[in-house]
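**Student:** After the structure tokens below, expect a handful of questions from me.
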Amino acid sequence: MHLRGVVLPDDEVRDLWVRDGLVSYDPALDAETLCDTGWIVPGLVDAHCHVGIRYGGGHEDREGAIAQAETEREAGALLLRDAGSPIDTRFIDDHEDLPRIIRAGRHIARPKRYIRELGIELDDERDLPEIVAEQARFGDGWVKIVGDWIDRSVGDLRPLWSDTILKEAIDAAHANGARVTAHVFGEDALPGLIGAGIDCLEHGTGLTDDTVAMMVRHGTALVPTLINIDTFPDIADGAGKFPTYAAHMRDLHRRVRGTVANAYEAGVPIYAGTDAGGSIRHGRIADEITALTAAGLSPHDALGAASWNARTWLGRPSIAHGAPADFVVYREDPRTNPAMLAEPQWVVLRGRVVESGPVTGHR
């Protein structure tokens, strides 16, 4: 296979060949030309999704999980960081036509402090380091903990773990070769999580100037999941018994784009994730890129947050000689014409054209 186009992120017009599923810069005279113009982008990354959680709630079966992965692939998302799933999706690795998944195992939470039946619930927080180490060995280099959730006894978001236990748990993950990320909406859990050495924060809507500065010092990454944050008003509307919590969620939603812009301007590494699964349909990475741009990221950086930068962060190559041929081709530059993100001309996974044409999120 032969392609010619503008290759990102370098904005360089060049010829690419694909041999045995790998990118090659060496010409092959007998190659069939797939395209001779366009923008060639390293395969997109959804850095926060849940393959295995059914839209609307509950566990997916094997067929449903495969359909979710297919939907991501059709959108050009060829690498997925699964930020917690109630089912073991390793069977997807047997499908050469589906995206690669980097798994974080199961969510780790406390009883009645997260969505029921999705995570591992610990009665005693002192068990956290042991369970984190166990999930580190089970996952693909990541562990996911729930940093805060509504505490109905006080009617607002509250941290789940003490600072001392967090430090022990994150150290245990690192000792087992894994990074740790945390679901966190509010303000109170952030200093303990960042100070304990957590590697990434999911959502991060409660970030302040002080905790952003902490993230910069510690090198902590942020995956804002902006299209999920758009659901906060509906969550608040359904929380009539907890007016303080409802008001808090509305306030976090109101200022989230300023929060993300502040983190971006300070130099916090930001990556694109949709939180697909549950309340968000799969296949919406284009919407998240657009939302990041609206929050203040440059169009180049917003696309990079869902492509080349995210791939580097997750230890996967972009477009290079000898790398897996995973890329998306657009007719026009998706940075200047964001509508192109929903209309990939070609999606190439492991050197094979697997989908073309406009896509819509489903499942």
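**Student:** For region 144-163, state whether one or more residues are open to solvent by less than 10 Å² (accessible area, probe 1.4 Å), farther than 20 Å from Ala266 by Cβ, in contact with an Asp or Glu (Cβ under 9 Å, 6 or more places away or on another chain) and free of Cβ contacts under 8 Å to residues at least 40 places away in the same chain.
**Tutor:** No, region 144-163 contains no residue that is open to solvent by less than 10 Å² (accessible area, probe 1.4 Å), farther than 20 Å from Ala266 by Cβ, in contact with an Asp or Glu (Cβ under 9 Å, 6 or more places away or on another chain) and free of Cβ contacts under 8 Å to residues at least 40 places away in the same chain.
**Student:** Something else now. If the requirement is being assigned to a strand (DSSP E or B), buried (at least 21 other Cβ atoms within 10 Å of the Cβ) and touching a residue at least 12 places away in the same chain (Cβ under 8 Å), which of these qualifies: Ile40, Ile92? Step through it out loud before you land on a result.
**Tutor:** Values: Ile92 fails: assigned to a strand (DSSP E or B).
Only one candidate passes the filter, namely Ile40.
**Student:** Let me ask something else. Looking at region 169-192, is at least one residue of a type in the set (Lys, Arg), open to solvent by 60 Å² or more (accessible area, probe 1.4 Å) and over 19 Å from the mean Cα position of the chain (by Cα)? Explain how you work it out, then say what you get.
**Tutor:** If we filter region 169-192 for residues that are of a type in the set (Lys, Arg), which is where we start, we get 179.
Now narrow it down to the ones that are open to solvent by 60 Å² or more (accessible area, probe 1.4 Å): 179.
Right, trim to over 19 Å from the mean Cα position of the chain (by Cα) and you get none.
No - not one qualifying residue is present in region 169-192.
**Student:** Now for a different question. Would you mind stating whether Leu166 is farther than 25 Å from Ala295 by Cβ, part of a helix (DSSP H, G or I), of a type in the set (A, V, I, L, M, F, W, C) and open to solvent by less than 40 Å² (accessible area, probe 1.4 Å)?
**Tutor:** Against the criterion (farther than 25 Å from Ala295 by Cβ, part of a helix (DSSP H, G or I), of a type in the set (A, V, I, L, M, F, W, C) and open to solvent by less than 40 Å² (accessible area, probe 1.4 Å)), Leu166 qualifies.
**Student:** So how many residues does region 270-296 have that are open to solvent by less than 10 Å² (accessible area, probe 1.4 Å), of a type in the set (A, V, I, L, M) and outside any helix (DSSP H, G or I)?
**Tutor:** Of the residues in region 270-296, 4 are open to solvent by less than 10 Å² (accessible area, probe 1.4 Å), of a type in the set (A, V, I, L, M) and outside any helix (DSSP H, G or I).
**Student:** With the condition kept exactly as written, say whether any residue in region 97-108 is without any contact (Cβ under 8 Å) to a residue 60 or more places away in the chain, more than 24 Å from Arg311 (Cα to Cα) and either charged (D, E, K, R) or crowded, with 20+ Cβ neighbours inside 10 Å (or both).
**Tutor:** yes
**Student:** Output the residue which, of all residues in region 61-76 that are of a type in the set (A, V, I, L, M, F, W, C) and closer than 21 Å to Ala305 by Cα, is surrounded by the fewest Cβ atoms within 10 Å (Cβ to Cβ). Break it down stepwise before answering.
**Tutor:** Keep residues of region 61-76 that are of a type in the set (A, V, I, L, M, F, W, C), which gives 65-67, 69, 75.
Okay, now just the ones that are also closer than 21 Å to Ala305 by Cα, so 69, 75.
Values: Ala69: 26, Ala75: 28.
Here the residue is Ala69.
**Student:** Within region 35-58, work out how many residues are over 27 Å from Asp93 (Cα atoms) and in contact with a Phe, Trp or Tyr (Cβ under 9 Å, 6 or more places away or on another chain).
**Tutor:** Of the residues in that region, 3 qualify.
**Student:** Report yes if some residue within region 306-317 is at pLDDT 95 or above, of a type in the set (A, V, I, L, M, F, W, C) and in contact with a helix residue (DSSP H, G or I) (Cβ under 6 Å, 6 or more places away or on another chain); otherwise report no.
**Tutor:** Of the residues in region 306-317, the ones at pLDDT 95 or above are 306-317.
Filter once more, so that each one left must be of a type in the set (A, V, I, L, M, F, W, C): 306, 308, 310, 313-314.
Narrowing the set further to residues that are in contact with a helix residue (DSSP H, G or I) (Cβ under 6 Å, 6 or more places away or on another chain) leaves 306.
The answer is yes, given that some residue of region 306-317 is at pLDDT 95 or above, of a type in the set (A, V, I, L, M, F, W, C) and in contact with a helix residue (DSSP H, G or I) (Cβ under 6 Å, 6 or more places away or on another chain).
**Student:** Counting only residues that are hydroxyl-bearing (Ser, Thr, Tyr) and under 21 Å from Glu74 (Cβ atoms), which one in region 318-338 is most open to solvent (accessible area, probe 1.4 Å)? Walk me through how you get there before you give the answer.
**Tutor:** Within region 318-338, the subset hydroxyl-bearing (Ser, Thr, Tyr) is 318, 330, 336.
Filter once more, so that each one left must be under 21 Å from Glu74 (Cβ atoms): 318, 330.
Working: Ser318: 27, Tyr330: 0 Å².
Within region 318-338, the match that is most open to solvent (accessible area, probe 1.4 Å) is Ser318.
**Student:** Report yes if Arg137 is of a type in the set (D, E, K, R), farther than 20 Å from Ala169 by Cα, surrounded by fewer than 18 Cβ atoms within 10 Å (Cβ to Cβ) and out of contact with any strand residue (DSSP E or B) (no Cβ under 8 Å at 6 or more places or on another chain), otherwise no.
**Tutor:** Working: of a type in the set (D, E, K, R): yes; farther than 20 Å from Ala169 by Cα: no; surrounded by fewer than 18 Cβ atoms within 10 Å (Cβ to Cβ): yes; out of contact with any strand residue (DSSP E or B) (no Cβ under 8 Å at 6 or more places or on another chain): yes.
No; evaluated as a whole, the condition is false for this residue.
**Student:** Within region 297-310, how many residues turn out to be part of a helix (DSSP H, G or I) and either open to solvent by 10 Å² or more (accessible area, probe 1.4 Å) or aromatic (Phe, Trp, Tyr) (or both)? Working first, answer last.
**Tutor:** Looking only at region 297-310, we keep the residues that are part of a helix (DSSP H, G or I), and these are 299-304, 308-310.
In the following step, the residues that additionally are either open to solvent by 10 Å² or more (accessible area, probe 1.4 Å) or aromatic (Phe, Trp, Tyr) (or both) were identified as 299-301, 308-309.
Qualifying residue count for the region: 5.
**Student:** If I filter region 15-31 for residues that are open to solvent by 40 Å² or more (accessible area, probe 1.4 Å), of a type in the set (Asp, Glu) and not in a loop (DSSP other than H, G, I, E, B), do I get at least one hit?
**Tutor:** Yes, region 15-31 contains at least one residue that is open to solvent by 40 Å² or more (accessible area, probe 1.4 Å), of a type in the set (Asp, Glu) and not in a loop (DSSP other than H, G, I, E, B).
**Student:** Then there's this: Can you say whether Thr231 is farther than 29 Å from Tyr330 by Cα, polar (S, T, N, Q), out of contact with any Leu (no Cβ under 7 Å at 6 or more places or on another chain) and at pLDDT 95 or above, as far as the supplied structure shows?
**Tutor:** Numbers: farther than 29 Å from Tyr330 by Cα: yes; polar (S, T, N, Q): yes; out of contact with any Leu (no Cβ under 7 Å at 6 or more places or on another chain): yes; at pLDDT 95 or above: yes.
When the stated conditions are applied, Thr231 passes them.
**Student:** To continue, here is another question. What residue, of Ile40, Ile66, Ile53, is within 16 Å of Arg331 (Cα to Cα), within 29 Å of the chain's Cα centre (by Cα) and of a type in the set (A, V, I, L, M, F, W, C)? Spell out the reasoning first.
**Tutor:** Values: Ile66 fails: within 16 Å of Arg331 (Cα to Cα); Ile53 fails: within 16 Å of Arg331 (Cα to Cα).
Residue meeting the stated conditions: Ile40.
The values are calculated or read from the model by the stated rules, or taken from the named source; none is laboratory data. All values derive from a computational prediction rather than experimental measurement. We place every Cβ from the backbone using ideal geometry, glycine too, and count neighbours over all the protein chains shown. Side chains included, ligands, DNA and RNA excluded: accessible areas come from the protein's heavy atoms. Shrake-Rupley method; radii C 1.70, N 1.55, O 1.52, S 1.80 Å.
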